[in-house]
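Written out below as structure tokens is the structure these notes cover.
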Amino acid sequence: MTDKYAIPHVKTFEYTKIIGLENIEFGKNIIIDDFVLIYAKERICIGNYVHIASFTSISGGGELVMEDLSAISSGCRIITGTDDFKEFGFGNSTILNEFRNIQTGKINIGKFAIIGGNSVILPDVTIGEGAAVGAGSVVTKDLEPWGIYVGNKKVGERNKEEVFKNYEKFLATMEEERVGSLFR
């Protein structure tokens, strides 16, 4: 098990791929699994105790903020920019941008939020604090804090009180005892 990029307090692996490392601000106790692609053309900020699971890609040329204790499950696509073909745009990356209608935007994934496996998050979306996105979702608009969502539809509420009670226990634990085995 190698730590490919040797970023302080970040665990990466042989098949992790990061392009634009200079545009990324890292917190502590971060795991970025094998087969993750991060293409950082603009600012990306990854908070503390964040996990980005295998086969996830983060691309598009826009900004991303992942707040503390958030997670992206396997196979997700975090797309901060895309072509809009409704108006004048056509083509793809092989032609000049003036012929395309590229839309980039910021994505913010709030503290305690989790994105379920194989989900897609599109540009200009805020995933509220504690929100949980069900597997296979396509998220095109902001999601309110502490909701449970399938796509853009709210289907339940997370137990915020119990999460915070558990978080207080976490904070009361010495730092070297609260991290997972990959950091020991």
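Here are the numbers for this structure:
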quantity: Any strands (runs of 3 or more DSSP E) falling wholly within the range 103-182 and containing at least 1 residues that are farther than 18 Å from CYS76 by Cα; calculated: 147-150, 153-157
quantity: Selection within the range 139-154 - modelled with pLDDT of 95 or more and either in contact with an Asp or Glu (Cβ under 8 Å, 6 or more places away or on another chain) or at positive phi (or both); calculated: PRO145, TRP146, GLY147, ILE148, LYS154
quantity: Of residues in the range 88-97 being exposed (fewer than 15 other Cβ atoms within 10 Å of the Cβ) and either at negative phi or in a strand (DSSP E or B) (or both), the one farthest from the chain's Cα centre (by Cα); calculated: PHE88
quantity: ALA172 among the hydrophobic types (A, V, I, L, M, F, W, C) and surrounded by fewer than 17 Cβ atoms within 10 Å (Cβ to Cβ); calculated: yes
quantity: Test: residue in the range 125-137 that is farther than 22 Å from SER57 by Cβ, touching a residue at least 40 places away in the same chain (Cβ under 8 Å) and touching a Lys or Arg at 6+ places or on another chain (Cβ under 6 Å); calculated: yes
quantity: Checking GLY60 against (1) under 22 Å from SER119 (Cβ atoms); (2) crowded, with 20+ Cβ neighbours inside 10 Å; (3) at pLDDT 95 or above, the condition it does not meet; calculated: (3)
quantity: Out of PHE85, PHE26, sole residue that is among the aromatic types (Phe, Trp, Tyr), farther than 22 Å from VAL139 by Cβ and either in contact with a Gly (Cβ under 9 Å, 6 or more places away or on another chain) or surrounded by fewer than 20 Cβ atoms within 10 Å (Cβ to Cβ) (or both); calculated: PHE26
quantity: Matching residues, the range 1-23, being among the hydrophobic types (A, V, I, L, M, F, W, C) and either surrounded by 15 or more Cβ atoms within 10 Å (Cβ to Cβ) or closer than 15 Å to LEU64 by Cα (or both); calculated: ILE7, VAL10, PHE13, ILE18, ILE19, LEU21
quantity: The lone exception for LEU122 - which of (1) among the aliphatic types (A, V, I, L, M); (2) under 16 Å from ILE38 (Cα atoms); (3) under 11 Å from the mean Cα position of the chain (by Cα) it fails; calculated: (3)
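One line per residue, one yes/no per condition, for (1) under 13 Å from LEU122 (Cβ atoms); (2) surrounded by fewer than 16 Cβ atoms within 10 Å (Cβ to Cβ); (3) among the hydrophobic types (A, V, I, L, M, F, W, C):
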residue: MET66; (1), (2), (3): no, no, yes
residue: LEU69; (1), (2), (3): no, no, yes
residue: ARG77; (1), (2), (3): yes, no, no
residue: PHE99; (1), (2), (3): no, yes, yes
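Rundown of residues vs (1) without any contact (Cβ under 8 Å) to a residue 60 or more places away in the chain; (2) within 22 Å of ILE107 (Cα to Cα); (3) among the aromatic types (Phe, Trp, Tyr); (4) surrounded by fewer than 13 Cβ atoms within 10 Å (Cβ to Cβ), yes/no style:
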site: VAL150; (1), (2), (3), (4): yes, yes, no, no
site: LYS153; (1), (2), (3), (4): yes, yes, no, yes
site: ASN159; (1), (2), (3), (4): yes, no, no, yes
site: GLU168; (1), (2), (3), (4): yes, no, no, yes
site: PHE183; (1), (2), (3), (4): no, no, yes, no
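The values are calculated or read from the model by the stated rules, or taken from the named source; none is laboratory data. Just so it is clear, the structure is predicted and the values come from calculations on it, not from any experiment. Positions of Cβ are generated from backbone atoms using ideal geometry, with glycine treated the same way; all protein chains shown enter the neighbour counts.
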